[in-house]
Amino acid sequence: MTWTWFHRLASPPYAYALAARLTPWFAWPAALLILGGLWGGLVLAPPDYQQGEGFRIIYVHAPSAWMSLMVYTTMAIAAAVGLIWRIKVAHAVAASCAPIGASFTFAALVTGALWGEPMWGTYWEWDPRLTSELVLLFLYLGYMGLRAGIEDPQRADRASAVLAVVGVVNVPIIHYSVTWWNSLHQAPSVMRLGKPHMPATMLVPLLMMLLGFTLFFVALLLVRLRGEILSRERSASWIREVVRA
Amino acid sequence: MKEFLDMGGYALYVWPAYAVTLTVVVLNIVWARRALTRSRAEARRRLIAQGELQ
């Protein structure tokens, strides 16, 4: 096994060019999957036997919640790589993740509240799942605030990376909160051992949405990453070619 | 169509949930592009200030 690919990815001009080239390959499949998933989820899937048409919130709530955790995990791994190997591009990846993750955590909380009111009779409860997801939002906001508050980019990268890495303990807490504690929130329907608790007409649109959102995240990350790389490269000659266009 | 929009009586919950998510999706596209444009403009300004670019 060679590590040349890793070293090449760590090179800012290479990462910049690769990100630009890869973006449409994630953006377009994401758009198609999300449109297909919406059609399947809103039109083709049958109503739930308990929750009626109200269950259709799952097609926006579960992907948003999945994003909130997956983006944070990506951010923490990138931050750790940046800390350990002192790679600028890795820090740039971590910094790119935060606003995306924060916005989808917000979406997960709001769509969850809109699902909770008709099904549980309350928009909000200080329940383990809901509270730990709110903590996740504060972790993202804290990360972004910390970055914004430190002028020197390298110090901002390192300090925020420590926060991102420490905060990752919250991710398994959120995921297992419905199993470990008595929660209002329903147990996982898809990410569980054994078969998912859903017929295929319900499940396929959900999987399309989950995959579509994931590819959408990669596309967003690639666009943001280019900006973060540019702002970290002070006087490299390759930038001249990029900004001239 | 009316039946579809009514969402079995859950319209007040289902549609706002979709609207919020769609807004977050669209805003992410706008924000990501704006961030890149801004960084590019800043890099350009920096290079011009350093006399490395006309």
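No other residue among A:Pro46, A:Pro99 is assigned to a loop (DSSP other than H, G, I, E, B), over 23 Å from A:Asp127 (Cα atoms) and within 14 Å of chain B (Cβ to nearest Cβ) apart from A:Pro46. Highlighted here are the helices (runs of 4 or more DSSP H) found entirely within region A:153-245 that include at least 1 residues which are without any contact (Cβ under 8 Å) to a residue 60 or more places away in the chain, more than 14 Å from chain B (Cβ to nearest Cβ) and not β-branched (Val, Ile, Thr): A:153-167, A:170-180, A:200-232.
Scanning region A:202-210 finds no residues that are exposed (fewer than 15 other Cβ atoms within 10 Å of the Cβ) and not acidic (Asp, Glu). Pairing each residue of region B:31-51 that is at the interface with another protein chain (Cβ under 7 Å from one of its Cβ atoms) with any residue that is surrounded by 16 or more Cβ atoms within 10 Å (Cβ to Cβ) and among the β-branched types (Val, Ile, Thr), provided the two are 6+ apart or on different chains, yields C-beta distances under 6 Å for B:Ala32/A:Val223; B:Leu36/A:Val223; B:Arg40/A:Val243; B:Ala43/A:Ile239; B:Ala43/A:Val243; B:Arg44/A:Val243. For region A:56-83, filtering for residues that are without any contact (Cβ under 8 Å) to a residue 60 or more places away in the chain and within 12 Å of chain B (Cβ to nearest Cβ) leaves 3.
Okay, residues lined up against (1) of a type in the set (Gly, Ala, Ser); (2) assigned to a helix (DSSP H, G or I); (3) under 27 Å from A:His197 (Cα atoms); (4) at pLDDT 95 or above:
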position	(1), (2), (3), (4)
A:Arg8	no, yes, no, no
A:Gly37	yes, yes, yes, yes
A:Gln50	no, no, yes, no
A:Pro63	no, yes, yes, yes
A:Gly82	yes, yes, no, yes
A:Val89	no, yes, no, yes
A:Val93	no, yes, no, yes
A:Phe104	no, yes, yes, yes
A:Ala108	yes, yes, yes, yes
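For region B:10-23, state whether one or more residues are more than 7 Å from chain A (Cβ to nearest Cβ), within 21 Å of A:His61 (Cα to Cα), of a type in the set (Phe, Trp, Tyr) and free of Cβ contacts under 8 Å to residues at least 60 places away in the same chain. The answer is yes, given that some residue of region B:10-23 is more than 7 Å from chain A (Cβ to nearest Cβ), within 21 Å of A:His61 (Cα to Cα), of a type in the set (Phe, Trp, Tyr) and free of Cβ contacts under 8 Å to residues at least 60 places away in the same chain.
The values are calculated or read from the model by the stated rules, or taken from the named source; none is laboratory data. Since this is a predicted model, take the numbers as computed values, not measurements. Cβ: placed from backbone, ideal geometry, glycine included. Neighbour counts: every protein chain shown.
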